[in-house]
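Right, one structure below, let's go through it.
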Amino acid sequence: MYYDPEKNDHGLAFNPFKSCMVPRPIGWISTVSPEGIHNLAPYSQFQNLTFDPPYVMFAANQNTRGRRKDTVNNIEQTGEFVYNMATYNLREAVNWSAAEVPPEVDEFDLAGVTKAASVRVKPCRVAESPVQFECCYHQTLRLPGKGIMGTVDVVIGKVVLVHIKDEFITPDGRIDILRIRPLARLGYHDYTTIDSVFEMLIPGGNEALLNGLEGRAEN
Ligand SMILES: Cc1cc2nc3c(=O)[nH]c(=O)nc-3n(C[C@H](O)[C@H](O)[C@H](O)COP(=O)(O)O)c2cc1C
């Protein structure tokens, strides 16, 4: 089958688009408003853009009233945010933090997670999360969309400090992903988690390419 997304003439009970782009990592984004209210929300339209220096992005649609999301407002007003890694163990807190609540609500409290002070930025980190990136706002790209929620704000930030809990670093210097069990979004109301890992090397032995992909530390 095929369908035209302008018409959404797929004939299925549910729009299949998001299920065709899986699994998506979840950027659990913390911000603080200019008035000092702490905000936390998951974004699965989330990715790294590059690594040296590292940049990340997430795409926030408009809320159900057609307004910019609190996360975007806070970042554009304060210039800072934190990425927290969402994990299987934290799944209920991640879910709670997605509730559409007024900007006056402290969403760390709503989600029942602990604030850890950041080093370079004002927004707090989720203490229970194994990995957090402190980020400085770079730019918003606004893409027009259909309906109340269709328009999307693509927010780009530069990572200025990376936190990794020591207990999740293996003796050979890798991140222990199987112990962390990152949470990822599928389509519909479905999620997955990483519970298996396998390795493949690009043939040809191009050392620069292989070292780059592996992330081998420079001398
Ligand atoms: C796992 C998960 C992933 C989500 N991903 C996105 C996303 O990529 N973009 C988006 O606009 N909303 C996404 N949402 C919904 C937002 O988290 C939700 O609208 C939240 O209330 C936004 O909060 P804020 O207004 O405090 O920024 C997601 C929700 C969940 C549970």
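Quick notes
- Amide H to amide H distances under 5 Å link residue 55 with 49, 50, 159, where only residues 5 or more positions off or on other chains count and H is placed in the peptide plane.
- The simple spin-label model puts a point 7 Å past each Cα toward its Cβ; for residue 92 and residue 148 those points are separated by 3.0 nm.
- Ranked by the mean number of other Cβ atoms within 10 Å of their residues, highest first, the peptides 63-73, 171-181 come out as 63-73, 171-181.
- Alpha-carbon centroids, the stretch 168-192 and the stretch 72-111: separation in whole Å: 19 Å
- With K and R counted +1 and D and E -1, the other residues having a Cβ less than 15 Å from that of residue 19 yield a net charge of +2.
- Per-peptide average of other Cβ atoms within 10 Å, ordering 137-150, 114-127, 75-88 highest first: 75-88, 114-127, 137-150
- Between residue 50 and residue 166, the distance separating the two model label sites (each 7 Å from Cα on the Cα→Cβ line) works out to 3.4 nm.
- Total lysine pairs under 29 Å (Cα atoms) in the stretch 85-216, excluding pairs fewer than 8 apart on one chain: 4
- Spin-label model, residue 193/residue 117: points 7 Å from Cα along the beta carbon direction are separated by 3.2 nm.
- Karplus 3J(HN,Hα) series, Hz, for the stretch 175-184 with 6.51 cos²θ - 1.76 cosθ + 1.60 (x for Gly, Pro): 7, 8, 4, 5, 7, 6, 6, x, 9, 9
- Estimated from the Cβ-Cβ distance and a Förster radius of 22 angstrom, the FRET efficiency linking residue 37 and residue 67 is about 0.85.
- For residue 10 and residue 211, the FRET efficiency from 1/(1 + (r/R0)^6), where r spans their Cβ atoms and R0 equals 45 Å, is about 0.55.
- Rounded to the nearest 20 debye, the dipole size of the chain about its Cα centre is 420 debye, using +1 on the Cβ of Lys and Arg and -1 on the Cβ of Asp and Glu.
No lab work stands behind these numbers, since they all come straight from the coordinates. Small disclaimer: the values here were computed from a predicted structure and weren't measured. Heads up, the Cβs are rebuilt from the backbone with ideal geometry, glycines too, and the neighbour counts pull from every protein chain shown.
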